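Laboratory data are not the source of any read-out in this text; all were calculated from the coordinates shown. All values derive from a computational prediction rather than experimental measurement. In this analysis, Cβ positions are derived from the backbone assuming ideal geometry, glycine residues included, and neighbour counts consider all displayed protein chains.
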Amino acid sequence: MSDPTQPQQQGAELQDDVCYVALTWGHLNVQDMMNRVRSPAAGAIVLFAGTTRDNFAGKPVKELQYTAYDKLALRTMMDIAKALVAKYGLKGLAMIHRLGTVPIGEESILIAVSSPHRQAAWRAGEEALEECKARVEVWKREEFEGEGGVWRANRDGVQGQKVTEGDAAAQV
């Protein structure tokens with residue numbers, strides 16, 4: 001598993017003719033993702049950028065920290081991408097997830113989808129995000145101002161368990 005305390009680590013990626021998936025410790029590049037799915041046969045490119053917000057359930061969030069089971073997460077991301085390319089007749093699908101600390105206002109995930117027509121791109125982009133959140137082996141820790149943090153599955157609105165430093169050390 002990736003260690004969020006080691007931001008110097010390298011990322012990892014998988015790609016084929018149409019699909020690109022990656023995990024990275026660096027900042028995410030919107031233009032790079034759009035370029036990865038650009039095609040003369042595509043009339044639509046849809047891009048989703050998930051950013052760190054400053055609150056959760058009324059509590060002020062300081063930052064998010066992401067960790068992953070890298071090899072399995074990449075394989076799951078590629079399975080999702082290939083299935084959606086086949087289902088929607090996409091010209092390209094690119095998905096990248098950031099690991100480590102992601103400050104407020106910065107992107108933690110980018111998903112770019114291209115297709116001949118906009119409707120397929122919209123649907124595939126949303127489905128890619130939902131499948132990623134439901135299936136990909138990425139976990140996040142929400143750091144709250146003055147309260148410590150909570151580890152969560154990488155899903156919207158799911159309450160996690162508060163983990164103190166003592167609890168985390170005992171689990172190692």
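Calculated on the alpha-carbon coordinates, the convex hull of the stretch 6-85 measures out at 144 cubic angstrom per residue. Beyond 27 Å in Cα-Cα separation lie the following of the pairs Lys91/Lys133; Lys59/Lys140; Lys71/Lys140; Lys59/Lys82; Lys62/Lys91: Lys59/Lys82; Lys62/Lys91. By other beta-carbon atoms within 10 Å, ranking His27, His97 with the fewest at the front produces His27, His97. Neighbour counts of other Cβ atoms within 10 Å put Leu90, Leu72 in the fewest-to-most order Leu72, Leu90. Shape summary of the stretch 79-127, radius of gyration then Dmax from alpha carbon positions: 12.5, 36 Å.
The order of Ser115, Ser108, Ser39, going from fewest to most other C-beta atoms within 10 Å of their C-beta, is Ser39, Ser108, Ser115. Remark: the Glu130-His117 segment gains 2.6 nm on full extension, using 0.36 nm per residue and subtracting the alpha carbon distance. Taking label points 7 Å from Cα along the Cα-to-Cβ direction, Glu145 and Asp16 give a separation of 4.7 nm. The convex hull built on the alpha-carbon positions of the stretch 22-171 has an orientation-averaged projected area of 9.1 nm².
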